[in-house]
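K.L.:
Here it is, the structure in full.
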Amino acid sequence: MKELLQVRGLTKTFRLSAKQQKLEKTREKVRTAVNDLSFTANEGEIFGLLGPNGAGKTTTLRMLATLIRPDSGDAVLDGASVVKEPEQVRGKIGFLTSELKLEEFFTPNYLFDFFSTLHGVPPQVRRQRREALFARFGIDRFAEVKVADLSTGMKQKVSLVVSIVHDPDIIIFDEPTNGLDVLTARVVTDFLQELRSQGKTIIVSTHIFSLVEKLCDRVGIIIDGRMVCCGTLEEIRRGGSLEDRFFDIYRETVGEAE
Amino acid sequence: MKSNGIIAIMRKELARFFGDKRMVVSILLPGLLIYVMYSFMGQAMGSLYGVEEDYVPTVQVVNLPASVSALVEASGGMALVETDASAVEEAKAAVAEQGLDLLAVFPADFDQAVAAYDPAGGGAAPDVEIYYNAASTASQSTYMLLTGLLDAYEAQLANKFDINAGGGVYDLASEKDTAGTYFASLMPLLLMIFLYSGCVAVAPESIAGEKERGTIATMLITPIRRGDIAVGKILALAVVALLSGASSAVGTVLALPKLVGAASDELSANIYGVQDYLLLAAVILSTVLLLVTLISILSTFAKTVKEAQTYVMPLMILVMVLGVTAMFGGGAKTELWYYLIPLYNSVQCMVGVFSFSTVTAGVAAALAANAVYTVLGVFLLTRMFNSEKIVFSR
Ligand SMILES: Nc1ncnc2c1ncn2[C@@H]1O[C@H](COP(=O)(O)OP(=O)(O)OP(=O)(O)O)[C@@H](O)[C@H]1O
Ligand SMILES: [Mg+2]
């Protein structure tokens, strides 16, 4: 099995503004969002980052997607370093998170073509891919409707499709089912499994245990910016339910810190 | 791949603006509004100070002297009606109610009294009383006409010397120069404001707006270079801003003669040749590129469109102040270093074109300087797009 992704000692701190300090009722000036985080993911597997709110999941994925730079440490995706070769990394990954929005004025057709151009996808390939993906997600009927007029679920599907116009080998999804109804969530999880069967490597973050149990091959549990344990789903569960194991681990970790 | 990115961004920005009818209207409307407003103002001012051409005002005169009668007859333009001294109060009331245009009361034997009066003697001069109504345009203008005639008559009585009594042309400025001076004092300010408004109408929306709505991050995770985003956006924004500025400028040039009213024959933009317009177009283009870049940089610091509009306020004041400097005439500056000061150099170039005093080396210096500033600005913008602190500031 090929290790397609290596994360080594990723660390990220944020300087908190006076406004943020007040808002979060804290005196600390610097927040360590991700603290010396390491893990690897293999080709053709779904890796889950599981953690409570504020654990640092989104921050980790944003570093992998080269939107923000780590303070220290590095991640190598299919041979490209996020620190040294961010532009190469961007060509290899598809990234989806709720903070990435589509311009509401445009139609799915336009956006698909626009992002294909930015990714350097040849027109011929683009057309085939668009037809296949739009049909797969039922976007074809809405292909000429402005994004502003689409339902939340349809918007999410368009965002998903647009994030993979270049057929990337590594797909990074932050909270893939957040805010979706069960039907749309199902479409998304089914698609992720389909991608895995095509040999894609997928990293998802979530705080939903059932999603991890259903989807993931390997899991990393992240609390307070640290990777507290990492392994196959079975290794982590040790025969019990993931939820029970998580609370044990959480108690151990937070208890240690106090 | 490289230019592909720039073109893709440009096309997207232009599609955004021209695909939206509301945007197109908001870009082109100012020009139409300016034309309608200025024309209307010109008309309103015209009717305020002018009286209908063929209207002959009526003046009631008490003790009409022969000399004045002859004067008025010679000049024409008003009808004199002799009135008895007893009707003065009645006539005053008529003037007050705008039923009568003017009432002139001369002393009895005005002509003799004038002839006999010796200014050196110190006694009171014969006094003419003219009652008028400033609220009535006709009354006011008739008052001016009659007092003008009487003043001229008085001057003629005591004539010691003349100024410009011959019928020749004494103002040696050509019509071209007069109009040029006028345009040169006004147009730079107007143009700068129009260009600025055009840029502000689009740049904050395109840059701070994309930040605010989270759509810029979606572009930043593609392999496109940040520099391409900056250049593509600036080029597209400049096109839109130019259109908006051009619409306003055309509206103004068409409406100016109407605003100025009577002088309209002299105030035609026809005095400028193709070369002047080409020069002006080059200056405008370089100014818009610089302005769009500056406003884009300021907008990139902002988290929201509203915030961006606050950030660009000082720039607007600066642009207006620089535009006003064009009013303190004297033609374009000849010292080259003035043409290196951004924005001020645009004003100077415009003054030069409009007043036919273009300093060619100055314009060349200004265009080159602006190009350098713009490139530096694009470079800075690229750096800013690369900075997570600026793009993802919260
Ligand atoms: N730009 C930023 N400036 C300041 N603090 C930040 C910033 N981004 C994240 N943080 C802080 O870093 C910590 C980790 O945030 P992150 O969004 O990565 O958590 P998460 O695991 O994704 O949580 P959630 O489940 O709520 O999405 C939080 O305390 C958050 O407040
Ligand atoms: Mg998150």
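The values are calculated or read from the model by the stated rules, or taken from the named source; none is laboratory data. Treat the numbers as computed from the prediction; the structure is a model and nothing was measured. Cβ: placed from backbone, ideal geometry, glycine included. Neighbour counts: every protein chain shown. Please note that ligands, DNA and RNA were not included when accessible areas were found on the heavy atoms of the full protein model with its side chains. Shrake-Rupley method; radii C 1.70, N 1.55, O 1.52, S 1.80 Å.
K.L.:
Could you list, in sequence order, all residues of the range A:95-104 that are surrounded by 19 or more Cβ atoms within 10 Å (Cβ to Cβ) and either at pLDDT 95 or above or facing chain B (nearest Cβ under 8 Å) (or both)?
P.N.:
Scanning the range A:95-104 gives A:95, A:100, A:102, A:103.
K.L.:
Would you pick out the residues in the range A:200-215 that are at pLDDT 95 or above and away from ligand 1 (no atom under 16 Å from the Cβ)?
P.N.:
Hits for the range A:200-215 are A:200, A:201, A:202.
K.L.:
Please state which one of B:313, B:384 is in contact (Cβ under 8 Å) with a residue 40 or more places away in the chain and of a type in the set (A, V, I, L, M, F, W, C).
P.N.:
From the options B:313, B:384, the qualifying one is B:384.
K.L.:
Quick check: is even one residue across the range A:126-142 part of a loop (DSSP other than H, G, I, E, B), facing chain B (nearest Cβ under 9 Å) and in contact with a Pro (Cβ under 9 Å, 6 or more places away or on another chain)?
P.N.:
Checked against the condition, which is being part of a loop (DSSP other than H, G, I, E, B), facing chain B (nearest Cβ under 9 Å) and in contact with a Pro (Cβ under 9 Å, 6 or more places away or on another chain), the range A:126-142 yields no hits at all.
K.L.:
Next question, about the same structure. What number of residues in the range A:40-69 are assigned to a loop (DSSP other than H, G, I, E, B) and either within 11 Å of ligand 1 (Cβ to nearest atom) or surrounded by fewer than 23 Cβ atoms within 10 Å (Cβ to Cβ) (or both)?
P.N.:
12
K.L.:
Follow-up question, since we're still on this one. Are there any pairs with C-beta distances below 7 angstrom linking a residue in the range A:175-189 that is free of Cβ contacts under 8 Å to residues at least 60 places away in the same chain and more than 14 Å from chain B (Cβ to nearest Cβ) to a residue that is within 15 Å of ligand 2 (Cβ to nearest atom) and assigned to a helix (DSSP H, G or I), with the two at least 6 apart or on different chains, and if so which?
P.N.:
A:177/A:211
K.L.:
Of the conditions (1) within 16 Å of ligand 1 (Cβ to nearest atom); (2) touching a residue at least 40 places away in the same chain (Cβ under 8 Å); (3) over 26 Å from residue A:193 (Cβ atoms), residue A:147 satisfies every one except a single condition; which number is it?
P.N.:
(1)
K.L.:
Give A:25, A:29, A:92, A:19 a once-over and let me know the one that is away from ligand 2 (no atom under 16 Å from the Cβ), more than 23 Å from residue B:222 (Cα to Cα) and within 14 Å of another protein chain (Cβ to nearest Cβ).
P.N.:
Answer to the check: A:19.
K.L.:
Go through (1) without any contact (Cβ under 8 Å) to a residue 12 or more places away in the chain; (2) of a type outside the set (D, E, K, R); (3) within 16 Å of ligand 2 (Cβ to nearest atom) one by one and return the number of the condition residue A:98 breaks.
P.N.:
Status for residue A:98: all satisfied but (1).
K.L.:
So which residues in the range B:333-354 are crowded, with 22+ Cβ neighbours inside 10 Å and within 23 Å of residue B:271 (Cα to Cα)?
P.N.:
B:346, B:347, B:348, B:349, B:350, B:351, B:352, B:353, B:354, listed by residue number.
K.L.:
Could you tell me whether any residue of the range B:364-387 is small (Gly, Ala, Ser) and within 14 Å of another protein chain (Cβ to nearest Cβ)?
P.N.:
yes
K.L.:
Any residue at all in the range A:105-120 that's part of a helix (DSSP H, G or I) and among the aliphatic types (A, V, I, L, M)?
P.N.:
Looking for residues that are part of a helix (DSSP H, G or I) and among the aliphatic types (A, V, I, L, M), one finds at least one in the range A:105-120, hence yes.
K.L.:
Sticking with this one: For residue A:72, state whether it is more than 15 Å from ligand 1 (Cβ to nearest atom), open to solvent by less than 20 Å² (accessible area, probe 1.4 Å), more than 10 Å from chain B (Cβ to nearest Cβ) and farther than 30 Å from residue A:131 by Cα.
P.N.:
no
K.L.:
Within the range B:21-38, is even one residue of a type in the set (D, E, K, R) and either under 30 Å from residue A:103 (Cβ atoms) or in contact with a Ser or Thr (Cβ under 9 Å, 6 or more places away or on another chain) (or both)?
P.N.:
Scanning the range B:21-38 turns up at least one residue that is of a type in the set (D, E, K, R) and either under 30 Å from residue A:103 (Cβ atoms) or in contact with a Ser or Thr (Cβ under 9 Å, 6 or more places away or on another chain) (or both).
K.L.:
Go through (1) open to solvent by less than 30 Å² (accessible area, probe 1.4 Å); (2) touching a residue at least 60 places away in the same chain (Cβ under 8 Å) for residue A:89 and report which single condition fails.
P.N.:
(2)
K.L.:
Starting from residues that are surrounded by 17 or more Cβ atoms within 10 Å (Cβ to Cβ) and of a type in the set (A, V, I, L, M, F, W, C), keep the ones in the range B:319-332 and report whichever is nearest to residue B:203 (Cα to Cα).
P.N.:
B:319
K.L.:
Could you list, in sequence order, all residues of the range B:117-134 that are open to solvent by 80 Å² or more (accessible area, probe 1.4 Å) and not in a strand (DSSP E or B)?
P.N.:
B:118, B:119, B:120, B:124, B:127, B:132
K.L.:
Before we move on, is residue B:165 buried (at least 19 other Cβ atoms within 10 Å of the Cβ) and not charged (D, E, K, R)?
P.N.:
Answer is no for this residue.
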